[in-house]
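Colleague: Take this structure, written in structure tokens, and hold onto it; I'll ask about it next.
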Amino acid sequence: MAVIFDQPVSTAHINSVKWEFMHIQDTRAKPDTLPFWIADMDFACPAPVLEAIKSRCNTLPIGYSMPDAAYYEAVCGWLQNRFSWEVKAQDIFTSSGVVRALIDLIYALTAPGEGVIIQQPVYYPFAAIIRHCKRTIINNPLPQHAGNYSMDFADLEDKASNPETTMMILCSPHNPVGRVWTTNELEQVVQICRKHGVQLISDEIHFDLLRNDQTHYPVASLCPDDDTIITCTSPSKTFNMAGMQISNILIHNKKLQKKWRAQTGETFPSPLALAAVKAAYTQCDDWLTGLLRYLDGNFAFLENFLQEHLTKAHCVLPQGTYLGWIDFSAYGHSDKELTTILLEKANVLLESGTIFGKEGKGFQRINVACPKATLKKGLEQIATALS
Ligand SMILES: Cc1ncc(COP(=O)(O)O)c(C=O)c1O
């Protein structure tokens, strides 16, 4: 299985944001810059997903489409098999992406000016969309000790208790710090949100991408008596199909469903995406097992490489995601200088930690979902540049 993940995939003339449009992230990127930035993998999609798309293309009309019973069965089956979570088909709403859904949820469930809690350093579109929707960012920063992150519940309670704070967007597993939250941590978040009437939205897009010894608990599955928690999911990260632009938003409460529908209206996902999701969620377990072991191998490689060749850098093994969060602060460069060195001297594009919030100072996020040879080359270029 590892062999398929070692194969280089074609990266030219495929409209790839990661490979061909690096300049949208940093205009200094060159055509031969090695990209370790945006969360896309350099692996081919699983064969059943590609076959399902091709087979759907053999049917000539590609018209407006809606999920059928088989679609809902596939999604429900995945949630049941992976997380022992029974979700009803009528509680699943498709959207064209998790970020799109978060925007819709903010508009539908909060009023202008109200506060939305996020836990920085965090996936930076959270802050961007809160600003875009003219709501207020309320940061509950994640404390860290030697790269090990936790939650500050006293601060969370303080911020949630403000009547102007009405929503929290939880990132679970967390991008970029890689935490898979424990049941205890999740239960405390729920308890605080419930006590202060804060609507909890859990972005669980990375929920399948776990290290070998980790278990992910969808926060809503821990609270069957509370139907208000909304979960954003998608097969896009797991099966490398973000371009299909489909996500599944799980809304269990009837009043919240009504507000969602009032915001989004009827949506018609691409029939190619519907076919791809059905195949991904019913025929690709073995592929995913292979992927996860390959990622474990890449993280072990990263860890060894840092110990041997980038001795001042520090990276705690992430419990989930395929994103490493490396602390380069001991090299003594400012974030701007470090990004310049990585781009102009090492010729690699990572993501500067401060994009994720000021708490990311000194860190860089590296995407290791690529053939080991690519990772090795990039790390060697970084080691030479920083030596
Ligand atoms: C936490 C998180 N949420 C959402 C997204 C993007 O989701 P989508 O492409 O479905 O909008 C990403 C992409 O990296 C992510 O890491």
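The values are calculated or read from the model by the stated rules, or taken from the named source; none is laboratory data. Note that the structure is a prediction, hence the values are computed from the model and not measured. Neighbour counts run over all protein chains shown; Cβ positions are idealised from the backbone, glycine included. When the accessible area is computed, the model is the full protein with side chains, heavy atoms only, and any ligands, DNA or RNA have been set aside. Shrake-Rupley method; radii C 1.70, N 1.55, O 1.52, S 1.80 Å.
Colleague: Can you tell me which residue in segment 99-116 is nearest to residue 255 (Cα to Cα), limited to those that are buried (at least 23 other Cβ atoms within 10 Å of the Cβ) and β-branched (Val, Ile, Thr)?
Modeller: Residue satisfying both the conditions and the ranking: 106.
Colleague: Turning to a different aspect of this structure: Tell me the residue from 192, 205 that is assigned to a loop (DSSP other than H, G, I, E, B), assigned by TED's automatic domain parsing to the domain that holds residue 103 and among the hydrophobic types (A, V, I, L, M, F, W, C), please. Outline the logic, then answer.
Modeller: On the way: 192 fails: assigned to a loop (DSSP other than H, G, I, E, B).
That would be 205, the only listed residue that is assigned to a loop (DSSP other than H, G, I, E, B), assigned by TED's automatic domain parsing to the domain that holds residue 103 and among the hydrophobic types (A, V, I, L, M, F, W, C).
Colleague: Wholly within segment 11-90, which helices (runs of 4 or more DSSP H) include no fewer than the required count, namely at least 3 residues that are within 22 Å of residue 173 (Cβ to Cβ) and more than 16 Å from the ligand (Cβ to nearest atom)?
Modeller: The helices (runs of 4 or more DSSP H) meeting that bar are 69-83.
Colleague: Here's something else I'd like to know. For segment 107-146, what are the residues that are more than 14 Å from the ligand (Cβ to nearest atom) and in a helix (DSSP H, G or I)?
Modeller: Scanning segment 107-146 gives 107, 108, 109, 131.
Colleague: Exactly one condition in (1) surrounded by fewer than 14 Cβ atoms within 10 Å (Cβ to Cβ); (2) within 20 Å of the chain's Cα centre (by Cα) is false for residue 119; which is it?
Modeller: Failing condition for residue 119: (1).
Colleague: Based on what the data block shows, is residue 168 without any contact (Cβ under 8 Å) to a residue 60 or more places away in the chain and in a strand (DSSP E or B)?
Modeller: yes
Colleague: Right, here's the next one. Look at segment 63-87 and say how many of its residues are out of contact with any Cys (no Cβ under 7 Å at 6 or more places or on another chain) and open to solvent by less than 30 Å² (accessible area, probe 1.4 Å).
Modeller: Of the residues in that region, 11 qualify.
Colleague: Being in the same structural domain as residue 206 (by TED's automatic domain parsing) and open to solvent by 10 Å² or more (accessible area, probe 1.4 Å) narrows it down to one residue among 297, 290, 265; which is it?
Modeller: Testing whether each residue is in the same structural domain as residue 206 (by TED's automatic domain parsing) and open to solvent by 10 Å² or more (accessible area, probe 1.4 Å) leaves just 265.
Colleague: Further question on the same structure: What are the residues in segment 228-283 that are among the aromatic types (Phe, Trp, Tyr) and either outside any loop (DSSP other than H, G, I, E, B) or in contact with an Asp or Glu (Cβ under 6 Å, 6 or more places away or on another chain) (or both), if any? Quick ask: steps written out before the conclusion?
Modeller: At the first step, the residues of segment 228-283 found to be among the aromatic types (Phe, Trp, Tyr) are 239, 260, 268, 281.
Those that are among the aromatic types (Phe, Trp, Tyr) and either outside any loop (DSSP other than H, G, I, E, B) or in contact with an Asp or Glu (Cβ under 6 Å, 6 or more places away or on another chain) (or both): 260, 281.
Colleague: Moving to a separate point now. Hey, could you check segment 182-212 for residues that are within 16 Å of the ligand (Cβ to nearest atom) and more than 21 Å from residue 251 (Cβ to Cβ) and say which is surrounded by the fewest Cβ atoms within 10 Å (Cβ to Cβ)?
Modeller: Residue satisfying both the conditions and the ranking: 210.
Colleague: Hey, among 143, 125, 112, which residue is in contact with a Cys (Cβ under 9 Å, 6 or more places away or on another chain) and free of Cβ contacts under 8 Å to residues at least 40 places away in the same chain?
Modeller: Just a single option satisfies the conditions, and that option is 112.
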